[in-house]
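The values are calculated or read from the model by the stated rules, or taken from the named source; none is laboratory data. These numbers come from a predicted model, not from an experiment. Quick reminder, even Gly has a Cβ in these numbers, built from the backbone with ideal geometry, and neighbours come from all protein chains shown.
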Amino acid sequence: MSDKIVYLDNNSTTKAAPEVVDVMKQYFLCDYGNSESTHAFGSNLQYVEQGARESLARLINGRPKNIYFTSGATESNNWVLRGVMKHSDKRHLVISAVEHPSVLNVAQYLEKEGYRVTYLPVTDQGVVRLEDLMTAATDETALVSVMYANNETGAIMPIREIGEYLRDKSIIFHTDATQAVGKIHVDVKRDNIDLLSFSGHKFHGPKGVGGLYFPLKKYVSGKLVRMQIAQFMIGGEQQGFMRAGTMNTPGIAGLGKAADLAYEHLSEHLVAGEDTGVSSKRDDLQEFIEENIPKTMINAKNAPRLPNTLNLTFPGAEGESIIDRLSEKGICVSSGSACTSKSLAIPYVLDAMGINHDIINSTIRFSLSRYNTTEELKYVRQVLPKVIEDLRLISGFKE
């Protein structure tokens, strides 16, 4: 193992920003009260939670009162899918075939409970088609859940078009925006998003804290109608009885600070699809690989993508071996979602895109952050071609 570490697995998790850690220390060591207490030492901390709501609402252009804190997007996704379906008299759910396991596995669980689920296919670029959703969604559909951007390929879904189509219908529209929030400009009003999940540790906040944007009401046929969703945690009065449990004040404070930093960073650059600072580094790395490693496939290359994500297939070089060889050199990459990386099954996202099974396990993912330096990526360019060349020689691959 090299002493040098180049961390390029930021879609799995990011390092907490130093400013986030500094903020959290205050509420671990000094202002450590319970915000639900009646005395001032505790109750005064409610301003921390309100401040974090305001920061997060600004980041997604929502309203602070509609932010609910959870342990992260997995909990938020469970809350949405199980909570909406349980509370609805409709029995049909629509999701994409490439959702994160925290949506996909919940949908499969609901199928076993007697609900009907439609899995939308994707194009060879990993993107759902609006016409497929229009066909799938009916009067019996309670919920449509389509991720904002895919965690493996970085492909951005047509969220604005989906939201526009569902805007005035009695169907709740949820997006798992875990990979998008803090990386690109997300706007719940512009995109007509009813419910949105996110996790702090994906944009340099702490692990174990995230949230759900949930405005309680939506317009249906021109009238404001209450969205029905079951309580997720039953207990005390926290968060309007909807999600009970002692508030994680240090984590919430860190989450709010991470949202502020992300907003400032995004505001320094242009909107998604343009240069965000990270994207130029990603594009330079992609160009180098295409020019110097023959037969490389760039997955979702022609789709709108997250500015930090690069999903590559190297025929003739097994993906896990690439990861191991790079790890020995101190370069951290992945083969996909951390929640499925130990599975030996065919990668379901790439399978849904129609990637040939003979090469599907020759895929790795680079995911950058704003902390990655030009020098780090220069080191990657020095190491990667030799790794692929050596593994192809072992496998007998002919370029």
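Of note:
- Number of positions in region 206-231 that are touching a Gly at 6+ places or on another chain (Cβ under 6 Å) and of a type in the set (Phe, Trp, Tyr): 1
- Checking region 129-147 against the condition returns no match, with no residue being part of a helix (DSSP H, G or I), within 23 Å of the chain's Cα centre (by Cα) and either farther than 18 Å from Met353 by Cα or basic (Lys, Arg) (or both).
- Scan of region 34-75 for residues that are in a loop (DSSP other than H, G, I, E, B), in contact (Cβ under 8 Å) with a residue 40 or more places away in the chain and either more than 22 Å from His185 (Cα to Cα) or outside the structural domain of Met242 (by TED's automatic domain parsing) (or both), ordered by number: Asn34, Ser35, Glu36, Leu45, Ser71
- For region 241-270, the set of residues classified as not acidic (Asp, Glu) and not in a helix (DSSP H, G or I) consists of Met242, Arg243, Ala244, Gly245, Thr246, Met247, Asn248, His269, Leu270, listed by residue number.
- Some residue of region 112-122 being of a type in the set (Val, Ile, Thr), out of contact with any His (no Cβ under 6 Å at 6 or more places or on another chain) and either buried (at least 22 other Cβ atoms within 10 Å of the Cβ) or at pLDDT below 95 (or both): yes
- Residue within region 75-84 that is under 19 Å from Thr178 (Cα atoms) and touching a Pro at 6+ places or on another chain (Cβ under 9 Å) present: no
- Residue within region 11-32 that is in contact with a His (Cβ under 9 Å, 6 or more places away or on another chain), more than 30 Å from Asp132 (Cα to Cα), among the small types (Gly, Ala, Ser) and crowded, with 16+ Cβ neighbours inside 10 Å present: yes
- The residue that is modelled with the lowest pLDDT, counting only those in region 148-171 that are over 18 Å from Ala352 (Cβ atoms) and in a loop (DSSP other than H, G, I, E, B), is Asp168.
- Against the numbered list (1) modelled with pLDDT under 95; (2) within 23 Å of Asp176 (Cα to Cα); (3) among the aliphatic types (A, V, I, L, M), Ala57 comes up short only at (1).
- Failed item, numbered, when Ser337 is tested on (1) farther than 20 Å from Lys15 by Cα; (2) modelled with pLDDT under 95: (1)
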